[in-house]
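Please read the structure below before turning to the comments.
The values are calculated or read from the model by the stated rules, or taken from the named source; none is laboratory data. Here the structure is a predicted model, which means the values were calculated and not measured. With ideal geometry, Cβ positions are generated from the backbone for all residues, glycine too; neighbour counts draw on all protein chains shown.
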Amino acid sequence: MTIDRSKFAADILSSLGIDSVNPGAFDGTWIDTQGETLTSKDPSTGEVLASVRLASASDYEQVATSTVKAFKEWRTWTAPARGEVVRCISDALREHKEALGHLVSLEVGKVTSEGLGEVQEMIDMGDLAVGMSRQLYGKTMHSERPQHRMYEQWHPLGPVGIITAFNFPVAVWAWNAFVAAISGDSMIWKPSPKSPLTALAVTKIAQRVLKENNAPNIFNMIIGTDAEVGETLIHDRRFPLISATGSVRMGRHVGTVVAERLGRSLLELGGNNGVVVLDDADPDLALRAIAFAAAGTSGQRCTTNRRLFLQKGIAAQLKERLKGAFASMTVGDPLDEGTLVGPLIDQDASDGMMRALEAAREQGATVLCGGSTVDRDGFFVEPTLVEAHWTMPITIDETFAPILYAFEFEDLNEAIEAHNSVPQGLSSAIFTSNLQAAERFLSATGSDCGIANVNIGTSGAEIGGAFGGEKETGGGREAGSDSWKAYMRRQTCTINYGEDLPLAQGVKFDV
Ligand code: UN1
């Protein structure tokens, strides 16, 4: 069924309160920003959806001051009361799930189920954060001194900066924002300039809920240039934590600037995620998982499967079947039922993919299927399978596109060594029915990634676990488990309830 796309887009935008031209900064009220106009285009058609007036350095100062002020009040709310506000946001997101999910599809080109899934990821994150708000546990210790009590407690850290990428334009905000909120932090969000409208929509929803709960304006937002806004935020000493999701190049810069001022950074950067398939794997399971992990979201997840290690006995069969699966995937309008692969985000992304394939060919690789752009409006490309060797330099780069490099290996040790030889360390997976091999992959001498899976693909992680990776992926952990610790400050307290003053380590200092 073809839809009247312009009308559909106009209805979605108006239902979420987005105008044709929108202010680019929010600090509790929308600021009348006067910077250049940033247009948000539908990557499926190239058509303008709406635009935003960029914020200036002085707009930034207004937002930052207001965010600092909000923190001073918010940190006095109890953690469960903060959780209650996040619970209301989860509810509001449930109400707007469909519109927001479609806006994700319109603005960044995700297929409908993934657009809706992204909003579901926010809802799940909200629900988890509500529970967390009652579980910000500290430890108690037995003191070595008589009549002394020791414990650790966690306090709100401060206002935090959240920088997100276009590919998860709202879910990654939720990973950070909801945990920061229950931790007692206020925040400024700097969304990707490639996905400003989803950020505006979510900020509007959050703003409404804050108001209804008489809460301070903790969820602020700014859209401006890196030079004027991004740099100012990462240098700003009032922000003890900067959480940044995006490329290794961006993260290296953010990490360096924040470290120089001895701030804390939480980095979730590039991945070059490998899947190892052993001869004893279930080929049907492996095929489906690899197809989704490599081509889903048009290869634009940080968890996308980019490298495939096939054991010799299963390699030929799986490559053939993958060629068939890639060729049969419907590439097209992400809003059409049945589409599996939507567009890349923009022309640069499409050019980057073609450049990578050219380099691969020059380095001796063979394109087994796909490899071209699709001849229609928008930035559509074919899911691409490439036969390569892991020593080819191109296979070390993260190209944000649906390219899967397939390699062959003899034994598991060789595969693990090659798997771990790249600079990135986000996600990984093994397909096998052999328990020993699976455990070997998960052991300390196995995968060196932050995420390691057995018989499921590299992407599509649940929010309950801590999400992030090692090496150039940046070491940060967002979302579930004890990731909240990054957003709080720890205090160790010792209380003397006796009448003497014994010193630790047996030191004597009698005056
Ligand atoms: C990202 O691409 O930055 O595990 C995040 C996944 C998603 C999150 C990806 N839940 O694929």
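Quick look at the numbers
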{"quantity": "Some residue of segment 120-135 being among the β-branched types (Val, Ile, Thr), under 30 Å from Ala349 (Cβ atoms) and within 15 Å of the ligand (Cβ to nearest atom)", "calculated": "yes"}
{"quantity": "Flag for Ser6 being closer than 30 Å to Pro334 by Cβ and either in the same structural domain as Thr339 (by TED's automatic domain parsing) or exposed (fewer than 15 other Cβ atoms within 10 Å of the Cβ) (or both)", "calculated": "yes"}
{"quantity": "Residue under evaluation Ala504, criteria (1) free of Cβ contacts under 8 Å to residues at least 24 places away in the same chain; (2) more than 30 Å from Ser133 (Cβ to Cβ); (3) of a type in the set (A, V, I, L, M), criterion not met", "calculated": "(1)"}
{"quantity": "Condition broken by Ala437, with the remaining ones in (1) within 11 Å of the ligand (Cβ to nearest atom); (2) touching a residue at least 40 places away in the same chain (Cβ under 8 Å); (3) surrounded by 16 or more Cβ atoms within 10 Å (Cβ to Cβ) satisfied", "calculated": "(1)"}
{"quantity": "Test: residue in segment 33-45 that is part of a helix (DSSP H, G or I) and aliphatic (A, V, I, L, M)", "calculated": "no"}
{"quantity": "Within segment 158-273, helices (runs of 4 or more DSSP H) holding 3 or more residues that are of a type in the set (Val, Ile, Thr) and under 29 Å from Asp91 (Cβ atoms)", "calculated": "171-183, 196-212"}
{"quantity": "Any strands (runs of 3 or more DSSP E) falling wholly within segment 321-413 and containing at least 2 residues that are within 27 Å of the chain's Cα centre (by Cα)", "calculated": "384-387, 403-409"}
{"quantity": "Matching residues, segment 284-321, being within 12 Å of the ligand (Cβ to nearest atom) and of a type in the set (Val, Ile, Thr)", "calculated": "Thr297, Thr303, Thr304"}
{"quantity": "Top-ranked residue of segment 259-272 - restricted to ones that are surrounded by 24 or more Cβ atoms within 10 Å (Cβ to Cβ) and among the aliphatic types (A, V, I, L, M), ranked as nearest to the ligand (Cβ to nearest atom)", "calculated": "Leu269"}
{"quantity": "Residues satisfying the stated conditions in segment 459-478, i.e. of a type outside the set (Lys, Arg) and more than 8 Å from the ligand (Cβ to nearest atom)", "calculated": "Gly464, Gly465, Ala466, Gly468, Gly469, Glu470, Glu472, Thr473, Gly474, Gly475, Gly476, Glu478"}
{"quantity": "Matching entry among Thr391, Thr395, Thr384 (being surrounded by fewer than 22 Cβ atoms within 10 Å (Cβ to Cβ) and outside the structural domain of Lys194 (by TED's automatic domain parsing))", "calculated": "Thr391"}
{"quantity": "Residue check for Ser298: over 15 Å from Gly475 (Cα atoms), in the same structural domain as Gly378 (by TED's automatic domain parsing) and under 18 Å from the mean Cα position of the chain (by Cα)", "calculated": "yes"}
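Yes or no, residue by residue, for (1) exposed (fewer than 11 other Cβ atoms within 10 Å of the Cβ); (2) within 16 Å of the ligand (Cβ to nearest atom); (3) touching a residue at least 40 places away in the same chain (Cβ under 8 Å):
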position	(1), (2), (3)
Ser428	no, yes, yes
Gly446	no, no, no
Gly480	no, yes, yes
Cys493	no, no, yes
Asp510	yes, no, no
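Here's the yes/no breakdown for (1) in contact (Cβ under 8 Å) with a residue 24 or more places away in the chain; (2) closer than 21 Å to Ala452 by Cβ:
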{"residue": "Val248", "(1), (2)": "yes, yes"}
{"residue": "Gly251", "(1), (2)": "yes, no"}
{"residue": "Gly270", "(1), (2)": "yes, yes"}
{"residue": "Asp282", "(1), (2)": "yes, yes"}
{"residue": "Thr330", "(1), (2)": "no, no"}
